[in-house]
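Have a look at the structure below, then the notes.
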Amino acid sequence: MRTFRGRLAATERRCCIFALAVAIGMLVLWGCGGHPRAGGPGESGPGTNEVWLQSHAFVPASLTVPVGTTVTWINKDLAIHNVTSGVRWTPDGVFASGSLWHNAKFSYTFKQPGTFSYYCSIHSHMEGTIVVE
């Protein structure tokens, strides 16, 4: 009888550990989902010459700036993103941020006029454009 209780207790422990692991996994996946997030107290959206990486999108998706402007991208998602110049799966080498964790920033100064496309190489559905006049 003692052996049966010992096995039952071990099974209960494994079930509790499994349930805890599932709960943590669900919280992580929910946090990486595309849920809107403001940047912090008092922030309602991107500032001048800012692009937020938010809800698995670039906000705004298109930004028009004068020559010589520095644009700053800020990752407001919990998921890791990046900013890569070019079109989906075809980087053009103009700029690349590397991995941006939550609240990380990347800036680039546009010194020539033109239309600059960019995307997140981790989540290729994320695309944006900077128009420099």
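Quick look at the values:
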quantity	calculated
Among residues of region 58-76, those that are out of contact with any His (no Cβ under 6 Å at 6 or more places or on another chain) and assigned to a strand (DSSP E or B), counted	12
Output for region 68-96, where each listed residue is polar (S, T, N, Q) and under 18 Å from Gly47 (Cβ atoms)	Thr69, Thr70, Thr72, Asn75
Output for region 48-75, where each listed residue is within 14 Å of Thr115 (Cβ to Cβ) and among the small types (Gly, Ala, Ser)	Ala61, Ser62
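Throughout, read-outs are computed from the coordinates displayed, never taken from laboratory work. Everything quoted here is computed from the prediction, not taken from an experiment. Here the Cβ is made from the backbone with ideal geometry for all residues, glycine too, and neighbour counts use every protein chain on show.
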